[in-house]
Amino acid sequence: MVGEKVLLKVSPTKEIMKFGKKGKLSQRFIGPFEVLRRAGQVAYKLDLPTGRSGVHPVFHVSMLRKYHADKLHVLYYNTVQLDESLGYEEELVAIVDRQVR
């Protein structure tokens with residue numbers, strides 16, 4: 001796990017704003033951060049940016065989620081044809097689920 005990228009789970013109900021926004025609509029996971037080393041049997045030290053210097057960089061594995069770099073969710077602007085109102089027409093790719101009632 002050392003050298004891999006992980007996402008860090010943040011609690012949205014904390015009253016202290018350590019990671020930016022607070023409240024129900026804030027992000028559940030932030031990152032990705034690189035794992036520097038294993039700090040114990042169930043803890044890892046992360047490479048946090050310098051803006052997060054007030055946060056201790058060692059986290060329990062329950063606070064981490066493996067980061068999967070999926071290129072399918074990236075939208076390339078040169079393949080999308082925009083009209084005058086900056087809208088576009090969606091094309092059906094596949095029917096994933098079907099129910100008959």
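The values are calculated or read from the model by the stated rules, or taken from the named source; none is laboratory data. Note that the coordinates shown come from a computational prediction; the quantities given were computed from them, not determined experimentally. Note that we place each Cβ from the backbone using ideal geometry, even for glycine, and neighbour counts take in every protein chain shown. What goes into the accessible areas is simple: the full protein's heavy atoms, side chains included, and nothing from ligands, DNA or RNA. Shrake-Rupley method; radii C 1.70, N 1.55, O 1.52, S 1.80 Å.
Being in contact with a Leu (Cβ under 6 Å, 6 or more places away or on another chain) and modelled with pLDDT under 85 is a property that Gly87 lacks. Per this entry, Lys24 is not counted among residues that are exposed (fewer than 10 other Cβ atoms within 10 Å of the Cβ) and modelled with pLDDT of 70 or more.
For region 27-39, a residue qualifies if it is open to solvent by less than 30 Å² (accessible area, probe 1.4 Å) and farther than 14 Å from Lys9 by Cα, and exactly one does: Val35. Residues that are hydroxyl-bearing (Ser, Thr, Tyr) and modelled with pLDDT of 90 or more within region 27-54 comprise just one, Tyr44. Test Lys66 against the criterion of being at pLDDT below 70 and surrounded by 10 or more Cβ atoms within 10 Å (Cβ to Cβ), and give yes or no. Answer is no for this residue. State which residue is least open to solvent (accessible area, probe 1.4 Å) when the search covers only region 46-59 and only residues that are part of a strand (DSSP E or B) and within 14 Å of Lys9 (Cα to Cα). Restricting to residues being part of a strand (DSSP E or B) and within 14 Å of Lys9 (Cα to Cα), the top hit is Leu46.
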